[in-house]
Structure formats: structure tokens, C-alpha cells
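Here is the structure we will look at, set down as C-alpha cells.
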Amino acid sequence: MIHCIAIDDEPLALQLINEYCSKISFLKLEKTFTNTDEAKVYLQDNQVDLLFLDIQMPDINGMQFYKGLTQKPPVIFTTAYKDFAAEGFNVDAVDYLLKPFEYDRFLKACYKANEYLEFLSTQELQLNSIFVKVNYEIMKINLKDIELIEALDDYIKIYIKPNPVLTLMTLKSIQEKLPARDFVRVHRSFIVPLAKIEKFSKTKLWTAGKEIPIGSSYSQVYDQLLALSKTK
């Protein structure tokens, strides 16, 4: 089910979107707004999968409103002005509906949104786990469960609970599988998940109850960790 909201300063336009949404089994229109400030507050407190957004509104341009959101759900722009179409696709809009639009055109846009969200879901699953060979089996490991990765000759040791696992691969090869935003190599023998670092200095850090050295070739890691700590 796609949970969506619609923002438009014209009540009749919102009424039409509500009518169209009620005919589509995979859509649930949670709320409609004529005021962008109220919509912004709602988006800050609620998870939304899709946004129907008018562009030409009296208080703020819809494009500007969307660009200013901290969390940007996929968006379908709705407007009476075709001149905004190119700009709409520049912000990765799922689709651009030119008013007045018929139900069939609206449905087509919603199918595109559904396909896009399914694609994002697949990508998220792929990014949230890795597969490694353990003995003679292929094992799935959730990234959030990894506490530390250590190189041991031709093997690497992946620390997960209740027991660490050994797999025949190099630290470099597993690093290529891991999202750089979540994991950092701090030594020729160690990769650590950023979220699990308990404390750090210029020469070492602590994670999973262990003291890990920061290698001399990885001195930039300290600056990276310092910058991240200031954004928390």
C-alpha cells in the first residue's frame, strides 16, 4: 500500500485527487493540504511514500517547497503550467501531471510511482545485507548486525552475535560490498561500522568492547569521525 498526501491551494483539485485515489487499490490518501506550512509539519512527523504537489501556489512555489524538505518522498507534480515540466524532472519527479488531467493519465502516473517504490524497496534490501561464504554454505548477514570486521591472513572475521563468522576473502573485497556511508576502514586489518563506534582518539577507537588501532595510513579517519560527531 502506498501512503500518500496531496498539497494544492485549490480545494477542487484536492477533491479530484481524492476521488481518483479512492479508485486505486494500492493507494491510500492519508491527508490533503491547502497550506504548505501544515503539510511540512505533517511530513516531519509522519512517514509518507508519495506526494502529490501543486507547483503554482500563493505562499510558496511547489518546487521550492519540495527542495526545502529534509525528507523528500517521491513526488508527482500537478500544475496548470507546462513551463515547469523540465524543472520537475530535474528534481527527480516521478511524473508531471498537467491540469486538467483525466483519471487514465493519473492512473498511469500512479503505476509509475508504484514501480519506482518497488525498485527502491529492492535496492534497500540489497543495501541492508551481504552474502558471504561460510564453510560450504552461503550466509546472509544483515549490515546492522556487524560489530567489527577483522583480517586474519586469507580470511576475514565478521563479528556478529551470538558468534563471529570466518569467510575466505580479503578485507578489500568485502569493503567493496559495504556502503561507504556506514563503514570505514581504519587499519589494514580492521573495518568498523560508524554507528557502533563508542569513542575515539587520533590513534585508536573503541567498538564492540574492543580497542582498535587507527593505522598511520588512515589518519584522515580521525577528521572524518570528528566531523561526524559534530553533526550528531
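The values are calculated or read from the model by the stated rules, or taken from the named source; none is laboratory data. If you're wondering where the values come from, they're calculated on a predicted model, not measured in any experiment. Virtual Cβ from ideal backbone geometry, glycine too; neighbours counted across all protein chains shown. Just so you know, the surface numbers come from the protein's heavy atoms only, side chains and all, with ligands and any DNA or RNA stripped out. Shrake-Rupley method; radii C 1.70, N 1.55, O 1.52, S 1.80 Å.
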*Search result, residues across segment 133-146 that are open to solvent by 40 Å² or more (accessible area, probe 1.4 Å) and within 29 Å of the chain's Cα centre (by Cα)*: Lys133, Ile138, Met139, Lys140, Asn142, Lys144, Asp145
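Table: residues versus (1) modelled with pLDDT of 90 or more; (2) under 24 Å from the mean Cα position of the chain (by Cα).
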| site | (1), (2) |
| --- | --- |
| Tyr159 | yes, no |
| Ser216 | no, no |
| Asp223 | no, no |
| Ala227 | no, yes |
*Which residues, counting only those in segment 38-59, are surrounded by fewer than 19 Cβ atoms within 10 Å (Cβ to Cβ) and more than 16 Å from the chain's Cα centre (by Cα)?*
Glu38, Lys40, Val41, Tyr42, Asp45, Gln56, Pro58, Asp59
_Quick check on segment 79-94. Is at least one of its residues surrounded by 13 or more Cβ atoms within 10 Å (Cβ to Cβ), at pLDDT 90 or above and not in a loop (DSSP other than H, G, I, E, B)?_
no
*Hey, which of the strands (runs of 3 or more DSSP E) in segment 99-215, taking only ones fully inside, have at least 1 residues that are within 29 Å of Ile2 (Cβ to Cβ)?*
129-134, 137-142
_Of all residues making up segment 51-71, the number that are closer than 18 Å to Asp9 by Cα and not in a loop (DSSP other than H, G, I, E, B)_ = 9
*Check on Lys172, loosely packed, with under 13 Cβ neighbours inside 10 Å, closer than 24 Å to Val221 by Cα and of a type in the set (Lys, Arg)*: yes
*asked:* Go through (1) open to solvent by 50 Å² or more (accessible area, probe 1.4 Å); (2) in contact (Cβ under 8 Å) with a residue 60 or more places away in the chain for Gln224 and report which single condition fails.
replied: (2)
*Hey, any hits in segment 183-195 for a residue that's small (Gly, Ala, Ser) and at pLDDT 90 or above?*
yes
*Whichever residue in segment 198-213 is among the aliphatic types (A, V, I, L, M) and at pLDDT 90 or above and, among such residues, is nearest to Glu150 (Cα to Cα)*: Ile212
*Provide a single number: the residues in segment 187-221 that are open to solvent by 30 Å² or more (accessible area, probe 1.4 Å), touching a Lys or Arg at 6+ places or on another chain (Cβ under 9 Å) and over 20 Å from Lys172 (Cβ atoms).*
4
*asked:* Restricting to segment 175-185, count the residues that are open to solvent by 40 Å² or more (accessible area, probe 1.4 Å) and touching a Pro at 6+ places or on another chain (Cβ under 9 Å).
replied: 1
*asked:* Condition first: assigned to a helix (DSSP H, G or I) and open to solvent by less than 40 Å² (accessible area, probe 1.4 Å). Now tell me which residues in segment 5-37 satisfy that.
replied: Ala13, Leu14, Ile17, Tyr20, Cys21, Thr36
